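Read through the structure below, which is laid out as structure tokens, and then see the notes.
The values are calculated or read from the model by the stated rules, or taken from the named source; none is laboratory data. In this text, all values refer to a predicted model and were calculated from it rather than measured experimentally. Because the Cβ atoms are built from the backbone with ideal geometry, glycine has one as well, and the counts that use them run over all protein chains shown. Note: accessible area is taken over every heavy atom of the protein model, side chains too, but ligands, DNA and RNA are not part of it. Shrake-Rupley method; radii C 1.70, N 1.55, O 1.52, S 1.80 Å.
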Amino acid sequence: MGHWLQRNIIEPGKLPLLLALTAFVLTFVITRAVTRLIRAGKGPFGNVETGGLHIHHVVPGVILTVVGGFGAVAGGRHGFGSALSAVVFGIGAGLVLDEFALILHLDDVYWTEAGRQSVEVVVLTAALVGLVLAGFSPFGVNDLSQEELQNRAGVALNVAVNFLFSLIALSKGKARIAVFGVIVPVIAVIGALRLARPGSPWSRRFYRRRHRARAKAVLRAYHHDLRWSAPRRAVQDWIGGKPDPDPPRPLERG
């Protein structure tokens, strides 16, 4: 284990990235545990308020992210300063992305259905950083030989082609596949070749007169969502907590 850590993490200068990822994941887990206890009215924890104003943990998160980010830029990839900055940055990023939905909606949606977006972004971020830590480079540059790396035109063409596949997958309504495809190009290729999701820009542009393709895309999306929606929600509830039920709507009077 020590030899692997020295050869694959410390020597390439990836130790700050490992520390940042570890701090990021631990901060998210601890924060969710604390907020769940506060929600249940258990333990010594409570919301932070000053002058009647609720201070969301995204606020210290932003401060820590800025401090850690500038510290990492100034500290390089080696030494205690860079390691400390990486930990501070990871803690700040964990606090910020735990309330990503709040930033997106500009509303306190932490325990609502929209708050699930925070969990999705945290899991996606951790997975992408983990892939980079494992040695995957964006746009498949890690797959090039030494001769190809010395050829700037070859590198540029490889990046352009892989980026194009990611854009096609994104235009087909496959955002997660497009993001992961930036790191692992074969995933983007699969997303680019499969049918677009209904309502996506690709579907509106190219399936407008292709009724059979549009019907097939709708059917495939329906079966996919039916198969994976419940397991995905169960995992999100296990990680981030189950959202509050939507309040009943008032009856309309005619």
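Each residue of region 27-34 is assigned a 3J(HN,Hα), and the resulting list reads 4, 4, 4, 5, 5, 5, 5, 5 Hz, derived from the Karplus form 6.51 cos²θ - 1.76 cosθ + 1.60 (θ = phi - 60°), x at Gly and Pro.
Remark: region 110-124, residue by residue, has Karplus-estimated 3J(HN,Hα) of 3, 9, 9, 4, 5, x, 4, 4, 5, 4, 4, 5, 5, 5, 5 Hz, where x stands for each Gly or Pro and the curve is 6.51 cos²θ - 1.76 cosθ + 1.60 at θ = phi - 60°. Computing FRET efficiency as 1/(1 + (r/R0)^6) for Ala215 and Leu26, where r is the C-beta to C-beta distance and R0 is 35 Å, gives about 0.15.
Out of region 37-118, which chymotrypsin sites (Phe, Trp or Tyr not before Pro) are coil in DSSP terms and have no more than 16 other C-beta atoms within 10 Å?
Details: sites: Phe45, Phe70, Phe80, Phe89, Phe100, Tyr110, Trp111; in loops: Phe45, Tyr110, Trp111.
In loop regions of region 37-118 (DSSP not H, G, I, E or B), the sparsely surrounded chymotrypsin sites (Phe, Trp or Tyr not before Pro) are Phe45, Trp111.
Here's the picture: charge each Lys and Arg Cβ at +1 and each Asp and Glu Cβ at -1 in region 163-223, and of Val179, Leu164, Ser200 the one pushed furthest to the positive end of that dipole is Ser200.
Whole number in Å², please: accessible area per residue of the chain, 1.4 Å probe, ligands, DNA and RNA not counted. Write down the numbers at each step before the final one.
Details: 16400 Å² over 254 residues.
For the chain, the solvent-accessible area averages 65 Å² per residue.
Compared with the direct C-alpha span, the chain from Val186 to Asp225 gains 11.8 nm at full extension, assuming 0.36 nm per residue. Figure note: His57, His211 ranked by solvent-accessible area, largest first, 1.4 Å probe, ligands and nucleic acids not counted: His211, His57. Within the listed set Val87, Val73, Val48, the residue fluctuating most in the Gaussian network model of the chain (springs between alpha-carbon atoms under 10 angstrom) is Val48. For region 1-103, the carbon plus sulfur part of the accessible surface works out to 72%, probe radius 1.4 Å. Result for the chain in a Gaussian network model with C-alpha springs under 10 Å: among Ala192, Ala221, Ala20, the largest mean-square fluctuation is at Ala221. Measuring only protein heavy atoms, the 1.4 Å probe finds Val88 accessible over about 40 Å². Between Arg194 and Ala33, the FRET efficiency estimated from the beta carbon spacing at R0 = 41 angstrom works out to 0.60.
Using a cutoff of 8 angstrom between alpha carbon atoms and counting only pairs six or more residues apart, the relative contact order for the chain works out to 15 percent. Taken along the Cα-to-beta-carbon direction at a fixed 7 Å, the label points for Lys242 and Ile10 span 4.7 nm. If you sort Ile103, Ile10 by accessible surface, 1.4 Å probe, largest first, the order is Ile103, Ile10.
Give me the dipole magnitude in Debye, nearest 20, for the chain about the Cα centre, with unit charges on the beta carbon: positive for Lys and Arg, negative for Asp and Glu.
Numbers: 29 positive and 16 negative charges, 320 e Å.
Roughly 1540 debye, rounded to the nearest 20.
Listed values for region 63-70 are Karplus-derived 3J(HN,Hα) couplings in whole Hz (6.51 cos²θ - 1.76 cosθ + 1.60, θ = phi - 60°), namely 4, 5, 5, 5, 4, x, x, 5, and x replaces Gly and Pro. If R0 equals 35 Å, the separation of the Cβ atoms of Val62 and Val161 corresponds to a calculated FRET efficiency of about 0.40. On full extension, the segment bounded by Ile103 and Ser137 gains 9.3 nm, given 0.36 nm per residue less the C-alpha separation.
Placing unit charges on the Cβ atoms of the charged side chains and taking the dipole of the chain about its Cα centre, the candidate lying farthest along the positive direction among Ile190, Pro138, Leu124 is Ile190. The charge dipole of region 1-139, taken about its Cα centre with unit charges on the Cβ of Lys, Arg, Asp and Glu (plus for the first two, minus for the last two), comes to roughly 440 debye.
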